[in-house]
Amino acid sequence: MKFRNFKMVDYVVFGRGSFDQLQEILAPHRKEKFPMIFFVDHFFQTKQDFLSRIPAEESDEVIFIDVSHEPKTIYVDDLTSFLKKKYGTISGIIGIGGGSTMDMAKAVSLMINNPGSSKDYQGWDLVKFPGVYKVGIPTLSGTGAEISRTAILTGPERKLGLNSDFTPFDQIILDPELIYNVPKEQRFYTGMDCYIHCIESLSGTYINEFSRSYGEKALESCQKIFRQKDQWDNASDDLLMMASYAGGMSIAYSQVGVAHAVSYGLSYLLGTHHGVGNCIVFNHLDEYYPEGVSEFREMVKKAGICIPQHVTSGLSSVEFDNMINVSLGLVPLWENALGKNWREIMTREKLRELYERL
Ligand SMILES: [Fe+2]
């Protein structure tokens, strides 16, 4: 048996106000003549108070990342070639935002040093060379993108991450003050991404004590935030930020499962945002995660959220086939969820029937 040799994020800072330590953290990584590039979620474009705290020097550049859609390989390729043309290379990239912005930062960092298109690296361990220095700063918590060894991209043929040991950030800054202003629905959907990570990790066949210890802690935190406490209470920001981290750590040494595998197909075709897509799918997974789904429904009710329904009605057979192909391509997710014989359980027909119900 071969055990995973888990590459983690190198450095972590945690604490309220720790964002202001960024300048000092970046200083030793600045290479003469090559700028630091700040990828900032476009949500902050008009937030002058926050923007003025970004320690960009004169030669640095702040680029607002359009996260209206999930990150695409073409967006990564365009930004990479823009930066290479303009600067040759860069000192590093700092991704400030949610999962999409952080994944864009990871992907462009890798593509600066790897030839070709990012679509060539969608898969497991295809990236050949380390990227440039990269820092992740979440302003939205739940996806676990701050800790993951992937950068999830939608390409021409598939939605699949750049999974590699070169993908994790060199540094992350976890400052709970930064998630203060997240709109309520978004906070809920991204929080549920974390909840679903825990359920899928803890009930998967890949589970082990390493993953369980993080998964149980993250699950308990999600339950505190979304069942017991008032989830909009900002005292829970610290807890949510650490739940996202721990949930991410849990799936990093196990895997996600049915909700993610099905939701990837959905967002490949319809562009559904990850957290929303997961909730749409999870709502129909009583057969696989009965306790998790019933607790999920309680949390949805408490939050007063309306999970979208009938999102696949009217799709053509070709479109259903596209979603099914993307989903069934995610072999490790299915194997974790249903075991080695997953193909006998999740047939194309059964998956089609599930997609039709969404
Ligand atoms: Fe997720």
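The values are calculated or read from the model by the stated rules, or taken from the named source; none is laboratory data. On a predicted model such as this, the values are computed, not experimentally measured, just so you know. Cβ placement follows ideal geometry from the backbone for every residue including glycine, while neighbour counts extend to all protein chains displayed. The protein model used for the area step is the full one, side chains on, heavy atoms only, and it has no ligands, DNA or RNA in it. Shrake-Rupley method; radii C 1.70, N 1.55, O 1.52, S 1.80 Å.
Can you give me the solvent accessible area of residue 306 with a 1.4 Å probe, rounded to the nearest 10 Å²?
Estimated to the nearest 10 Å², residue 306 gives 110 Å².
If I take R0 = 56 Å and measure r between the Cβ atoms of residue 340 and residue 12 in this structure, what FRET efficiency does the formula 1/(1 + (r/R0)^6) give, to the nearest 0.05? Intermediate results must be reported in sequence, preceding the final value.
Working: r = 35 Å, r/R0 = 0.63.
Rounded to the nearest 0.05, the efficiency is 0.95.
Would you compute, from DSSP H runs of 4+ residues alone, the mean residue ellipticity of the chain at 222 nm, taking -39500 (n - 2.57) per run and dividing by the full residue count, rounded to the nearest 500? Show your work: numbers first, answer last.
Working: 14 runs with 158 residues, N = 358.
Rounded to the nearest 500, it is -13500 deg cm²/dmol.
Kindly provide the GluC sites (Glu not before Pro) of segment 20-112 that DSSP labels as loop, not H, G, I, E or B, and whose Cβ sees at most 16 other Cβ atoms within 10 Å.
Details: sites: 24, 32, 57, 58, 61; in loops: 32, 57, 58.
Those that pass, being in a loop and sparsely packed, are 32, 57, 58.
Leaving out ligands, DNA and RNA, and with a 1.4 Å probe, what % of the accessible surface on the chain is carbon or sulfur? It would help to have the intermediate numbers written out before the result.
Working: 7910 of 15240 Å².
Percent of accessible area from carbon and sulfur atoms in the chain: 52.
Give me the one-decimal nm value for the distance between modelled label points at residue 78 and residue 31, 7 Å along each residue's Cα-to-Cβ direction.
2.7
Normalise the Cα radius of gyration of segment 184-357 by 2.2 N^0.38 Å (N = residues in it) and let me know the number. Don't skip to the end; give the middle numbers.
On the way: Rg = 15.6 Å, N = 174, 2.2 N^0.38 = 15.6 Å.
In units of the globular-protein estimate, segment 184-357 measures up at 1.00.
Evaluate 2.2 N^0.38 Å with N set to the residue count of the chain, then give the Cα radius of gyration divided by it. Please list the in-between numbers first.
On the way: Rg = 19.5 Å, N = 358, 2.2 N^0.38 = 20.6 Å.
Scaled against compact globular proteins, the figure is 0.95.
With every protein chain left in place, what is the accessible area of residue 205 in Å² (1.4 Å probe, nearest 10)?
80
In debye, nearest 20, what is the charge dipole magnitude of segment 11-179 about its Cα centre with +1 on Lys and Arg Cβ and -1 on Asp and Glu Cβ, if you could check? Could you put the intermediate results ahead of the total?
Values: 17 positive and 22 negative charges, 85 e Å.
Its charge dipole is roughly 400 debye.
Residues with beta-carbon under 11 Å from that of residue 90, excluding residue 90: net charge, scoring Lys, Arg +1 and Asp, Glu -1?
Working: positive: 30, 31, 33, 84, 86, 134; negative: 60, 61.
My count for the surroundings of residue 90 gives +4.
So what's the projected area for segment 270-340, the Cα convex hull averaged over all directions, in nm²?
Result: 5.7 nm².
Where only protein heavy atoms count, and the probe is 1.4 Å, what is the accessible area per residue for the chain in Å²? Display every interim value, and only then the final one.
Details: 15240 Å² over 358 residues.
With all protein chains present, the chain gives 43 Å² per residue.
Taking a 31 Å limit on the Cα-Cα distance, which of the listed pairs 7/217; 301/340; 106/217 fall beyond it?
Numbers: 7/217 21 Å; 301/340 36 Å; 106/217 27 Å.
Beyond 31 Å between Cα atoms: 301/340.
Under the classification rounded if a/c is under 1.5, otherwise prolate if a/b is larger than b/c and oblate if not, where does segment 144-224 fall, given a ≥ b ≥ c as square roots of the Cα gyration tensor eigenvalues? Before the final figure, lay out the partial values.
Values: a/c = 1.43, a/b = 1.08, b/c = 1.33.
Verdict is rounded for segment 144-224.
Would you mind putting 10-18, 70-78 in packing order, based on average other-beta-carbon counts within 10 Å, highest first?
Details: 10-18: 13.4, 70-78: 20.1.
Highest-to-lowest ranking by the protection proxy: 70-78, 10-18.
Within the chain, what percent of beta bridges assigned by DSSP are antiparallel, to the nearest 5?
Values: 4 of 29 bridges.
Antiparallel: roughly 15 percent of the beta bridges in the chain.
Enter the accessible area of residue 66 (Å², nearest 10), with the probe set to 1.4 Å and all protein chains included.
Near enough 70 Å² of accessible area.
How far apart, in nm, are two points set 7 Å out from the Cα along the Cα-to-Cβ line at residue 20 and at residue 297?
4.8
From the protein chains alone at 1.4 Å, what is the descending order of accessible area for 245, 289, largest first? Numbers along the way, then the final one.
Numbers: 245 35, 289 15 Å².
Reading off the accessible areas and sorting them downward yields 245, 289.
Once you put a point 7 Å from the Cα of residue 356 and another 7 Å from the Cα of residue 1, both along the Cβ direction, what distance in nm separates them?
4.1
Using θ = phi - 60° and the Karplus relation 6.51 cos²θ - 1.76 cosθ + 1.60, list the HN-Hα couplings for segment 186-195 in order, rounded to whole Hz, with x at every Gly or Pro.
Coupling constants for segment 186-195: 5, 4, 5, 5, 6, x, 5, 4, 5, 4 Hz.
For the cross-link pairs 47/184; 33/84; 302/350; 31/84; 31/159, which exceed 23 Å when the distance is taken from alpha carbon to alpha carbon? Can you show the working numbers first?
On the way: 47/184 18 Å; 33/84 13 Å; 302/350 32 Å; 31/84 15 Å; 31/159 34 Å.
Beyond 23 Å: 302/350; 31/159.
Counting only other residues whose beta carbon sits under 15 Å from that of residue 156, what net charge do I get with K and R as +1, D and E as -1? Can you show the working numbers first?
Values: positive: 72, 119, 158, 159; negative: 70, 77, 78, 120, 157.
Value of the local net charge: -1.
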